[in-house]
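This report refers to the structure that appears directly beneath it.
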């Protein structure tokens, strides 16, 4: 007889025993992320049929990037889901200039804050390429008030982190510091089911993911490493969607690189809600992440939308870059 499939809800409840002092709030928070992910997945899957969900808005986010309609939709769905369930007192998003403090009776006492990129890779929406959601969870610092400092904790203080990839199948992958597990959405019943237990990234790999269009703007050591990959006949794989590139390398082994460039020496990716959560995930899966000098999760953020270079993936490949 086939082993029964474990759902995400069952898995979350079972894992509560890993946290002897937990009150169920973190489980409730993860449940709200699951709900929002299912709503976003529904819209992503209808994107070619529903014309008013495709394309750009006339607004730009704090980074100066033009917002896509699905960016705004995903941002609203995740914020609403977390506001309604009470465990979260504030959210910081790529799509908002400042963090948002919830002021409902239940959320005022919420124990957690969430930083997120609600729709990573949104430039790929209109061409049917995989996109995703990235999230990072911290405990609030002061039970009496919420400030931006709650979000400016180093990544090694994360309680949980994860991502959702919307592709040929929709997967939710997360960690609470006790390994990494992946859940695939079964569209026939609308439930996330455990499909990738105890995920481990291969210690070494033969895939490198980098935007080689910027090659001549990269620092010389980075160009040298790329040249070495070519000499070893490694495979170049770059989707242009961080979640999708990271997810592939997590499963198959490889390295994702977004170095600083001549005009952007500080890199492009955001430390708080992109680099930190993925770094926690990759380390829990046996990999590594660095900005080229420092372990990502040891960096103390100075501002909410701070950028950083990122080299992340199989441990041996990251060590070679270092």
Would you please classify the overall shape of the stretch 8-196 from the alpha carbon gyration tensor, given that a ≥ b ≥ c denote the square roots of the eigenvalues, rounded means a/c under 1.5, and beyond that prolate means a/b larger than b/c while oblate covers the rest?
oblate
The helix 69-85 Cα axis meets the longest alpha-carbon principal axis of the chain at an angle in degrees, between 0 and 90 and rounded to 10, of 40 degrees
Per 0.36 nm of contour for each residue apart, how much would the distance between residue 188 and residue 43 grow if the chain were fully extended, relative to their Cα-Cα spacing?
50.6 nm
How high is the relative contact order of the stretch 207-321, in percent, with contacts defined as C-alpha pairs under 8 Å that are six or more residues apart?
29 percent
Going by C-beta contacts inside 10 Å, put 322, 257 in order with the fewest on the left.
322, 257
Name the shape class, rounded, prolate or oblate, that the alpha-carbon gyration tensor gives for the stretch 207-321, where a ≥ b ≥ c are the square roots of its eigenvalues, rounded holds for a/c under 1.5, and otherwise prolate holds if a/b is larger than b/c and oblate otherwise.
oblate
Going highest first, how would you order 284-291, 111-118 by mean Cβ packing within 10 Å?
111-118, 284-291
Put in order of increasing Cβ neighbours within 10 Å, starting from the fewest, 144, 283, 10 give 144, 10, 283
Considering every Cα-Cα pair within the chain, what fraction, in whole percent, is farther apart than 34 Å?
19 percent
Is the C-alpha gyration tensor of the stretch 70-114 telling us rounded, prolate or oblate? Criteria: a/c under 1.5 is rounded; beyond that, a/b larger than b/c is prolate, otherwise oblate.
prolate
Among bridges DSSP assigns within the stretch 207-321, what percent are antiparallel (round to 5)?
70 percent
What percent does the relative contact order of the chain come to when contacts are Cα pairs within less than 8 Å and at least six residues apart?
15 percent
Least to most buried among 164, 318, by other C-beta atoms within 10 Å and fewest first, runs 318, 164
Among bridges DSSP assigns within the chain, what percent are antiparallel (round to 5)?
85 percent
With a 10 Å radius around each residue's Cβ, average the other Cβ atoms per peptide and rank 151-161, 272-282, highest first.
272-282, 151-161
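Bear in mind these aren't lab numbers, they're just calculated from the coordinates by the rules spelled out. Every value quoted in this text rests on a predicted model; they were computed, and no experiment measured them. Neighbour counts are summed over all protein chains in view; Cβ atoms, including those assigned to glycine, are modelled from backbone coordinates with ideal geometry.
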